Amino acid sequence: IYGGNGIIGYSDIWNYKDVLVIGRVGAYCGSVHLAKGKCWVSDNAIAAIPHNDSDLKYLYYLLKLLDINKKQIGSSQPLLTQGILNSIKTDMFSDKTYREKLGIFFSDIDEKIDINNKINKELEAMAKLIYDYWFVQFDFPDENGKPYKSSGGKMVYNEELKREIPVGWDVGEIQDLAVCIMGQSPKGESYNQKGIGIPLLNGPANYKNGVLKAKTYTTQPTRLCKKDDLILCIRATIGNLVYSNQEFCLGRGVASVRPLFPELSEYIYYLLEREIEVFKVRATGSIIKGITKEDLISAKVLVPNTEMLKRFSNIIKPYFDNIRLNNYQNNDLIELRDWLLPMLMNGQVKVN
């Protein structure tokens, strides 16, 4: 264990390919990271170098399992020291080969999660580029396959938007494209964590890794969303936006936006994304700020013709479907990894 002093540059550790970096102070105190390649370590972190290269991954997952942030000292400014870390006692497998096998097993899971995230990042960038190209620059393909505006497509000035838009397009509101359902919390006595009733969404805590996860159920659901509705956070942390993968009860911290027909879905997603900053400004409330139904449904939006929206959906929907599939797979992999980690590390089950 080496205290950070600006750089890992000691002659006895400089040649290590990878190191473990542990948060030493503040909000990141006790967090464990696997840094690939030579790296700088400030005095806010501590570097952990394994005695044996093959143990690097194993020690990474062991430290995560030990939950070392609970060893921190100090109330106003949490702190971990080299002494505290060096004094932690734990059981370890004596078989070096098996330690290496465990490290590889868990790192393979994390690598797959990382690959899915990278794929999603590329898909998101490609989809956003097409949206901007079509609906911001107005260079969607015309009847000859050429970019509309750049090729001299007819434009008309719109007073509401204070800009030119393609001829034949309109300006409307979100409610012209979708049904908006504001959440309403059920009675507290109907809540349970036993999976009885309908899963309940209350707010930001239910958004995880691009997937909605209910922690509470209710036997007296109030307002419901459907599968494939867009679920928007409308109180406190305004703006989280995720597709629903099933029916949920909507608590007061969320709202459902349901397109009037499926081909509108991807376009509405981007409209809502663009409006989020406006929603944040409009949010009101003395203790917890939130947006009203009127704020949501009356947001002014550009409404292209139906044929254009169908063409856009045909191109973009496969991107969105793959992103959602990768998010669901990542969620399953994370749950599997976190479930297996303690059992494999304490020998309850074995990797064969």
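The values are calculated or read from the model by the stated rules, or taken from the named source; none is laboratory data. Small disclaimer: the values here were computed from a predicted structure and weren't measured. When we count neighbours, we look across all protein chains shown, and the Cβ atoms used for this are built from the backbone with ideal geometry, even at glycine. Side chains are part of the model used for accessible areas, which takes the heavy atoms of the whole protein and leaves out ligands, DNA and RNA. Shrake-Rupley method; radii C 1.70, N 1.55, O 1.52, S 1.80 Å.
The residues of the chain expose on average 54 square angstrom of accessible surface per residue, using a 1.4 Å probe on protein heavy atoms.
What is the angle, in °, between the Cα long axis of helix 265-282 and the longest principal axis of the Cα atoms in the chain? Nearest 10 is fine, range 0 to 90. Taking Cα atoms only, the helix is inclined about 80 degrees. Given the chain, report the % of alpha carbon pairs whose separation exceeds 34 Å. When every Cα pair of the chain is considered, 46 percent fall beyond 34 Å.
In order along region 137-142, the Karplus-derived 3J(HN,Hα) couplings, from 6.51 cos²θ - 1.76 cosθ + 1.60 at θ = phi - 60°, round to 8, 6, 9, 5, x, 7 Hz, and Gly and Pro are given as x. Of the three principal axes defined by the Cα atoms of region 95-221, the extents in descending order read 70, 52, 23 Å.
Counting only aspartates and glutamates at least 8 places from K226 when in the same chain, those with an alpha carbon closer than 12 Å to its own are E247. What shape does region 68-138 take by its C-alpha gyration tensor, where a ≥ b ≥ c are the square roots of the eigenvalues and a/c under 1.5 counts as rounded, a/b above b/c as prolate, and the rest as oblate? Oblate is the answer for region 68-138, as a/c is 1.5 or above yet b/c matches or exceeds a/b.
Counting only Cβ charges, +1 for Lys and Arg and -1 for Asp and Glu, the dipole size of region 55-187 around its Cα centre is about 820 debye.
The angle separating the long axis of helix 96-135 from the principal Cα axis of greatest extent in the chain is about 20 degrees. For the listed residue pairs K146/K280; K112/K280; K36/K350; K64/K128; K317/K350, the alpha carbons are over 31 angstrom apart in K146/K280; K112/K280; K64/K128; K317/K350. Sequence-ordered 3J(HN,Hα) estimates for region 182-191 from the Karplus curve with 6.51, -1.76 and 1.60 and θ = phi - 60° stand at 7, x, 9, 5, x, 5, x, 5, 8, 6 Hz, glycine and proline given as x. Helix-only arithmetic for the chain: the sum of -39500 (n - 2.57) across DSSP H runs with n ≥ 4, divided by the residue total, places the mean residue ellipticity at 222 nm at -11500 deg cm²/dmol. Estimated at 0.36 nm per residue, the fully extended path between D95 and R274 surpasses their Cα-Cα distance by 59.0 nm.
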